[in-house]
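Trainee: Before we start, here is the structure in question, set down as structure tokens.
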Amino acid sequence: EDQVTQSPEALRLQEGESSSLNCSYTVSGLRGLFWYRQDPGKGPEFLFTLYSAGEEKEKERLKATLTKKESFLHITAPKPEDSATYLCAVQALLNAGNMLTFGGGTRLMVKP
Amino acid sequence: DSGVTQTPKHLITATGQRVTLRCSPRSGDLSVYWYQQSLDQGLQFLIQYYNGEERAKGNILERFSAQQFPDLHSELNLSSLELGDSALYFCASSVRPGLTTKNTGELFFGEGSRLTVL
């Protein structure tokens, strides 16, 4: 069974204080690993797809990296508007369709 | 705005009742997904349709059913409701039915339907 574990569950940062969020996964062959951002009362919003170990993707203050067992979402000099829940998800090679297995998320709070 | 429309936004009902949640995907998207998000279970995949046909099924309860209509909108029917069915139900859509290295596999999520069962 595919599993995704995210840590920490919650993270409080001061504005400008860089940090990383962790996503550990077990999957029977990885087709893709995804990062989504979810604001309160909203649906998840796509950030990145990573396909293979060693791959990196960047968007503004966010950088996602991937190894064979985990992914990191690095947040550089965060701003209050980066406050949200960040969700990691995997899709297995054997999965039919486009089924994603999500982790529990990391709730990020950035204080000014 | 993702372009995915879900109705109703909020729904309060009693145990044993039946409800229908509706989803209109983004214009041009052929694939529709239903996810359930609860505090203790996180975001759980229920079912996927592609161009009217079931494509993938998750841990969807037998009391739940879904369909995608010719105009591509989808409905999720929840029956014999229990207290534990209280959750946010999200619909998402995508152009293609699956992820390849030539696309990001991005799903566009609606804002969800919050179901409260009393």
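Trainee: Taking only C-alpha pairs under 8 Å that are 6+ residues apart, what is the relative contact order of chain A in percent?
Mentor: 37 percent
Trainee: Okay, moving on. Before we go on, tell me the buried accessible area for the B/A pair, both chains summed, 1.4 Å probe, in Å² to the nearest 100.
Mentor: 1700 Å²
Trainee: Now for a different question. I'd like to know how the protein assembly as shown sits against the 2.2 N^0.38 Å rule of thumb: what's its Cα Rg over that expected value?
Mentor: Cα Rg divided by the expected 2.2 N^0.38 Å: 1.01.
Trainee: Can you grab the distance from the C-alpha centre of region B:50-71 to the C-alpha centre of region A:19-80, Å, no decimals?
Mentor: Using only Cα atoms to place each centre, the spacing works out to 28 Å.
Trainee: For chain A, how big is the tail of P(r) above 24 Å, as a whole percent of Cα pairs?
Mentor: Here the tail beyond 24 Å accounts for 20 percent of pairs.
Trainee: Shielding of A:42-50 by partners, i.e. mean partner chain Cβ atoms within 10 Å per residue?
Mentor: Mean inter-chain Cβ contacts per residue within 10 Å come to 6.
Trainee: On to the next question. Please give the charge dipole size of region B:1-91, origin at the Cα centre, charges +1 on K and R Cβ atoms and -1 on D and E Cβ atoms. Round to the nearest 20 debye.
Mentor: Dipole magnitude for region B:1-91 comes out near 80 debye.
Trainee: Of the accessible area of the protein assembly as shown, with the probe set at 1.4 angstrom, what percent is carbon plus sulfur?
Mentor: In the protein assembly as shown, the share of accessible area belonging to carbon and sulfur is 48 percent.
Trainee: Only Lys, Arg, Asp and Glu count, each charged at its Cβ (+1, +1, -1, -1), so figure out the dipole size of the protein assembly as shown about its Cα centre, rounded to 20 debye.
Mentor: Dipole of the protein assembly as shown, to the nearest 20 debye: 120 debye.
Trainee: With contacts defined as alpha carbon pairs under 8 Å and 6 or more residues apart, what's the relative contact order of chain B in percent?
Mentor: Reported as a whole number, the value is 37 percent.
Trainee: How much space per residue, in cubic angstrom, does the convex hull of the C-alpha atoms of chain B take up?
Mentor: Residue-normalised Cα hull volume stands at 100 Å³.
Trainee: Shielding by partners for B:54-60, please: the mean number of other protein chain Cβ atoms within 10 Å of each residue's Cβ.
Mentor: Counting Cβ atoms of other protein chains within 10 Å of each residue's Cβ and averaging gives 3.
Trainee: Residues of B:104-114, mean number of Cβ from any other protein chain within 10 Å of their own Cβ, rounded to a whole number?
Mentor: What the average comes to for B:104-114 is 5.
Trainee: Anything over 31 Å Cα to Cα? Flag those among A:LYS111/B:LYS57; B:LYS9/B:LYS57; A:LYS42/A:LYS63; A:LYS57/A:LYS111, in the order listed.
Mentor: Flagged as over cut-off: A:LYS111/B:LYS57.
The values are calculated or read from the model by the stated rules, or taken from the named source; none is laboratory data. What you see is a predicted model; the values in this text were computed from it and never measured. Neighbour counts are summed over all protein chains in view; Cβ atoms, including those assigned to glycine, are modelled from backbone coordinates with ideal geometry. Just the protein is used for accessible areas: all its heavy atoms, side chains included, with ligands, DNA and RNA removed. Shrake-Rupley method; radii C 1.70, N 1.55, O 1.52, S 1.80 Å.
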